[in-house]
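Here is the structure we will look at.
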């Protein structure tokens, strides 16, 4: 997604992006930024 962490936090009902980041890392083991970087590096180009 091209949304910022703040936009995602607001959409999901979190009071701020720090709270979302804390909860996200607790359940996934990585920060939202690390998760996005992993997803982006694993994309496959379709011809």
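The values are calculated or read from the model by the stated rules, or taken from the named source; none is laboratory data. On a predicted model such as this, the values are computed, not experimentally measured, just so you know. Methodologically, a virtual Cβ is constructed for each residue, glycine included, from the backbone with ideal geometry; neighbour enumeration extends over all protein chains shown.
Among the residues of the range 3-20, those that are assigned to a helix (DSSP H, G or I) and touching a helix residue (DSSP H, G or I) at 6+ places or on another chain (Cβ under 6 Å) comprise 5, 6, 9, 17, 20. On the stretch given as the range 21-32, residues that are surrounded by 12 or more Cβ atoms within 10 Å (Cβ to Cβ) and either outside any helix (DSSP H, G or I) or at pLDDT below 90 (or both) total 2.
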